[in-house]
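Let me begin by presenting the structure, written as structure tokens, before commenting on it.
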Amino acid sequence: MKPNSTYKKSKITFLLLAFFMFAATIGYSQTEIMATPNEISSGATASCTSNAIEIGTVFLGTSTGVPISNCDASGFNVNDVYLWIDIDKASSKYGLYVEFKLLIDGVQSNLSGGVTSNLIAVKQANVSPTESKIIDRNINYRVAKLPYTCGASFELKDIYIAWGENNKVLPGQNNGPHCDGSVKNITVDGPLVANFKYPLTCNDITVTTSVTGGKIYNGTIANPVIAPYTFVLNYGDSSPLITVKPILYSDPNSSIPGDEEFLDYTFGTHSYPINNTLNAIPYRITLTATDTANPPATSTKTHDVTIYPKVSANAGTAFTKTCTANTTGGS
């Protein structure tokens, strides 16, 4: 009887497809949920700089570990945002323990978004009451759920990491020498969101960017993108567009924790034409931010301002209107 080669090929194709689907599922599901975090009033005091464990990135993701790339997308769930830690370096170490200050929009906060002076401490869940888990650089660790609004910035400061050399050292028990208190500040990876502040005084305006997310690191936190964005600013008054790509990383050569962060950029003051009419004139300011990813991500934000008349009519007589600062410009 002639062999049924079609059946064999189909069977092999099916088995290969099943294998690759299984492998993809396994690769996608490399996540681990950390034990419930605690707030602590003071951090570890050990002076240690071991680099046996290194953080690769810290990112915003869903409960299953999918990075959040667009918080304006249809169906985005603001209640499904978690803080994730990716370990970039680890070799036969056990019982991950991490302390840090969490800053939300520049304010030290707890995991509910309330203002606090406390640090957050989080550790791996144990295998058993007497045995810790191995730290795996191929796993993303879910820290906690975060209060999130689109465009919010998150930063970790005063970071301390500790671990054990064997599975009998439980997380948090080893306060040196297997620890690192020299970790630089980390800006949390999130979706690119453009915004800006725009205080207006009479017809003079000063725009300061308030942009978060996008590609801010080249692979890991050890390689920040010092000029992460290209900004294009349109004042809406027929003046030329302004395009800049400024250095925003405050101290790329610093080895002192606390000196590193991504800064905002302030454009030079712009003067709108004096309004010599009897009617208010509106202008729309547009800021576009583009990151360095391939392909790049782009986000645009607009705000409206109004330039009021310099002269007004009163009983048929023209007079100069007193010019006062307009403090309503915000983000």
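Read-outs: derived from the displayed coordinates by stated rules, not from any lab. Model, not experiment: these values are computed from the prediction. Positions of Cβ are generated from backbone atoms using ideal geometry, with glycine treated the same way; all protein chains shown enter the neighbour counts.
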**Study point:** Per-residue HN-Hα couplings for the range 83-100 [Karplus 6.51, -1.76, 1.60; θ = phi - 60°; Hz; x = Gly/Pro]
**Key:** 8, 10, 10, 9, 8, 8, 9, 6, 8, 6, 10, 9, x, 5, 9, 9, 10, 6
Point to revise | Pairs of Lys in the range 31-187 closer than 13 Å at Cα, counting only those 8 or more apart or on different chains | key: 7
Check your understanding: Rounded to the nearest 0.05, what FRET efficiency do Ala125 and Glu165 have when you use their Cβ-Cβ distance and R0 = 25 Å?
Key -> 0.85
Point to revise | Dipole magnitude of the range 31-187 about its Cα centre (Cβ charges: Lys, Arg +1; Asp, Glu -1), debye to nearest 20 | key: 240 debye
Revision key, fill the gap. Rounded to one decimal in nm, the spacing of the 7 Å Cα→Cβ label points at Ile274 and Ser91 is 7.2 nm
Check your understanding: Working out 0.36 nm times the residue gap between Asn79 and Glu32, then minus their Cα-Cα distance, what length gain in nm do you get to one decimal?
Key -> 15.0 nm
Point to revise | Residue-by-residue Karplus 3J(HN,Hα) for the range 204-218, coefficients 6.51, -1.76, 1.60, Hz, glycine and proline x | key: 9, 10, 10, 9, 10, 5, 9, 9, 10, x, x, 7, 10, 10, 8
**Study point:** Fewest-first ranking of Leu248, Leu287, using other Cβ atoms within 10 Å as the exposure measure
**Key:** Leu248, Leu287
Study note, to complete from the structure: Neighbour-count ranking for Ser132, Ser271 (other C-beta within 10 angstrom, fewest to most) reads Ser271, Ser132
Check your understanding: In what sequence do Val98, Val207, Val183, Val232 fall when counting other Cβ within 10 Å, fewest first?
Key -> Val232, Val183, Val207, Val98
Review point. Which ³J(HN,Hα) values, rounded to whole Hz and listed in residue order, are derived for the range 32-48 from phi using the Karplus coefficients 6.51, -1.76 and 1.60 in 6.51 cos²θ - 1.76 cosθ + 1.60 with θ = phi - 60°, glycine and proline given as x?
Key: 9, 8, 6, 5, 4, x, 10, 8, 10, 7, 9, x, 5, 9, 5, 9, 8
